[in-house]
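The values are calculated or read from the model by the stated rules, or taken from the named source; none is laboratory data. Here the structure is a predicted model, which means the values were calculated and not measured. Neighbour counts run over all protein chains shown; Cβ positions are idealised from the backbone, glycine included. Calculation scope for accessible area: heavy atoms of the full protein, side chains included, ligands and nucleic acids excluded. Shrake-Rupley method; radii C 1.70, N 1.55, O 1.52, S 1.80 Å.
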Amino acid sequence: MSSLRRLFSALAISACVLSGVPSISLANGLPGFTLWGPVSRENQLPFRLDFGGRTNGWDRYRLRIPSKQMKLAVAQFSISYPNYFEGVFDPKEIEVRVRGKSVPLEEVNWDRENRVIQIFPREPVPAGNTVELVLSNVKNPTFGGMFLFNCQIQTPGDVPLLRYIGTWILSID
């Protein structure tokens, strides 16, 4: 009976010690559960910040567009961000990946004044594919916060109007 009591005591102490040890968090991975907020759940896009989303640090943003939201072929991706995001992007280090493979790009424009990144693939990205927009060499802003990055697309041969696809809700600590 006393050995059973010792075993339970050891387990209880172990549980207390282990729960007190901080664990590595993937808080800046994919979006979590949102009860209310500026973007409805069906419009939230998944993302990953490879280097933790630390203020004033360098990072790589992996902005994903699920296949269910890629209903049309894409001739242009347009990423807009808020005026209070004071990070820095490297247009030479932006790529588009489809099925894990990099797609050749015609051009990437970063319009700092209008806070938009325009990405033009050489060939239209086919509908129905999961797409990952990879922004490498990003200098995170000095001050953290929640930043809404909106994704719009232009389809090939279409009237030159951008169509809203969804929003990435990035959190920089």
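Given the criterion farther than 18 Å from TRP58 by Cβ and buried (at least 18 other Cβ atoms within 10 Å of the Cβ), identify the matching residue among THR155, THR130.
Within the list THR155, THR130, the selection yields THR155.
Contact list please: Cβ distance under 8 Å, first residue in the stretch 99-110 and farther than 17 Å from SER136 by Cβ and in a loop (DSSP other than H, G, I, E, B), second residue open to solvent by 70 Å² or more (accessible area, probe 1.4 Å) and β-branched (Val, Ile, Thr), pairs at least six apart or on different chains.
ARG99/THR130
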